[in-house]
Amino acid sequence: MTDIFDDLQAEYEQLDTVLAALTPAQWSHPSAAAGWTVSDVVLHLAQTEELAAASIRGELAGPRARGEVDAMADSAVAAERDIAPADLLARWRAATAFMPAALRAHPRGNRLTWVAASLSPATLATTRLAEHWAHALDITDPLGIPYPDTARLRHIAWLGHRTLPYAFDVEGVAGGPVHCELTAPDGELWHFGDPGAPSMITGPAGDFCRVGARRLTPAGSALKATGPHGAEALAVLRNYAF
């Protein structure tokens, strides 16, 4: 895969291009994230980037229980949601400007506290990319703004496949090995997992990542699951950190 830290920067830049062009009405428009406006989504991204920066500085409290995370995010947004769009954009830009270089410079052997677990710098960068991509869809889809899929989805697909054992555990499902053969936006085939695994998922990488972000249902996707655990893997798939 290409460098995760460079690709995180590129994802920020793609979203920045969208945000910089929004009108006041678009900032206050409902997003695809239930109960949140576009401004609320950007505020959440800024707040979580600031939490990631606190983790790098060693200032973030230990991992949270899974059930706490959504409530904490809603409360944090509710407490600050009156920020003007220009100030909010400046805050998000300041938070994202710090992140790629800081994560790249962090010693590889030193894990970082994050949400429900500790992560390597590269994996935390991958979760930040995945969250920004998913929330970019929450912003752009309701506004009818194009947000094309890119090769950066490979990082997100890797994260979804890599964390399948965790996802099976969270959902209380026995699960098992799954091989994924996903078609990239440019038509290349991406493979994850053991090709000899008894279960397999095939189809568009964009659909796989959207299912993992809970922005698309398995039934509404073009993905095909086979074997004893393929359908179960799609049902539990997640490319976020809790």
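The values are calculated or read from the model by the stated rules, or taken from the named source; none is laboratory data. It should be emphasised that the depicted structure is a prediction, and the values quoted were computed from it without experimental measurement. We place every Cβ from the backbone using ideal geometry, glycine too, and count neighbours over all the protein chains shown. All accessible areas refer to the heavy atoms of the entire protein, side chains included, with ligands and DNA or RNA removed. Shrake-Rupley method; radii C 1.70, N 1.55, O 1.52, S 1.80 Å.
Suppose the chain between residue 21 and residue 80 were pulled fully straight at 0.36 nm per residue; how much longer would it get relative to their current alpha carbon spacing? Write down the numbers at each step before the final one.
Values: separation 59, 0.36 × 59 = 21.24 nm, distance 2.26 nm.
Full extension from residue 21 to residue 80 adds 19.0 nm.
All other residues with a Cβ under 14 Å from the Cβ of residue 199 taken together, and with Lys, Arg as +1 and Asp, Glu as -1, what is their net charge? Please report the intermediate quantities before stating the final value.
Details: positive: 224; negative: 181, 194, 232.
Here the charged neighbours net out to -2.
Suppose every Lys and Arg Cβ carries +1 and every Asp and Glu Cβ carries -1, with no other charges. What dipole size does the range 1-84 come out with about its Cα centre, to the nearest 20 debye?
Details: 4 positive and 15 negative charges, 62 e Å.
Dipole size: approximately 300 debye.
With angles folded into 0 to 90 degrees, how steeply does helix 38-56 sit against the dominant principal axis of the chain? Use alpha carbons for both and round to 10.
Compared with the principal axis, the helix lies near 80 degrees.
Any idea how far the Cα center of the range 1-54 sits from the one of the range 76-98, in Å?
10 Å
Per residue, how large is the accessible surface of the range 132-215? Use a 1.4 angstrom probe and give square angstrom.
Details: 3400 Å² over 84 residues.
Solvent-accessible surface per residue comes out at 40 Å².
Please name whichever of 223, 72, 172 sits farthest to the positive end of the charge dipole of the chain, dipole taken about the Cα centre and charges placed at Cβ: Lys and Arg +1, Asp and Glu -1.
Most positive-ward Cα: 172.
Within the chain, what percent of beta bridges assigned by DSSP are antiparallel, to the nearest 5? Before the final figure, lay out each step's value.
On the way: 11 of 17 bridges.
Counting DSSP beta bridges with both partners in the chain, the antiparallel share is about 65 percent.
With the Cα gyration tensor of the range 36-177 giving a ≥ b ≥ c as the square roots of its eigenvalues, does the rule (a/c under 1.5 for rounded; else a/b larger than b/c for prolate; else oblate) give rounded, prolate or oblate?
Details: a/c = 1.43, a/b = 1.25, b/c = 1.14.
Rounded is the answer for the range 36-177, as its axis ratio a/c remains below 1.5.
Ignoring ligands, DNA and RNA, please state the percent of accessible area on the chain from carbon and sulfur, probe 1.4 Å. Provide the component values of the computation, followed by the final result.
Values: 6040 of 10830 Å².
C and S fraction of accessible area: 56 percent.
Please state the shape class of the range 97-210: rounded when a/c is under 1.5, otherwise prolate if a/b exceeds b/c and oblate if not, all from the C-alpha gyration tensor. Could the numbers behind the result be given before it?
On the way: a/c = 1.64, a/b = 1.07, b/c = 1.52.
It comes out oblate by the Cα gyration axes.
Would you mind working out the magnitude of the charge dipole of the chain relative to its Cα centre, with +1 at each Lys and Arg C-beta and -1 at each Asp and Glu C-beta, to the nearest 20 Debye?
Values: 18 positive and 28 negative charges, 85 e Å.
Dipole size: approximately 400 debye.
Expressed as an acute angle from 0 to 90° and rounded to the nearest 10, what is the orientation of the C-alpha long axis of helix 121-143 relative to the principal long axis of the chain?
70 degrees
Around residue 184, under 14 Å between beta carbons, what's the net of Lys plus Arg minus Asp minus Glu among the other residues? Display every interim value, and only then the final one.
Working: positive: 152, 154; negative: 7, 149, 181, 186, 188, 207.
After counting each charged neighbour, the total is -4.
Go from 0 up to the bin containing the longest alpha carbon distance in the chain, width 5 Å each, and give me the % of pairs per bin.
Here the calculated profile for the chain is 1, 6, 14, 18, 19, 17, 14, 8, 3, 1, 0.
Taking Cα atoms, how many degrees apart are the long axis of helix 69-80 and the longest axis of the chain, rounded to 10 and kept between 0 and 90?
20 degrees
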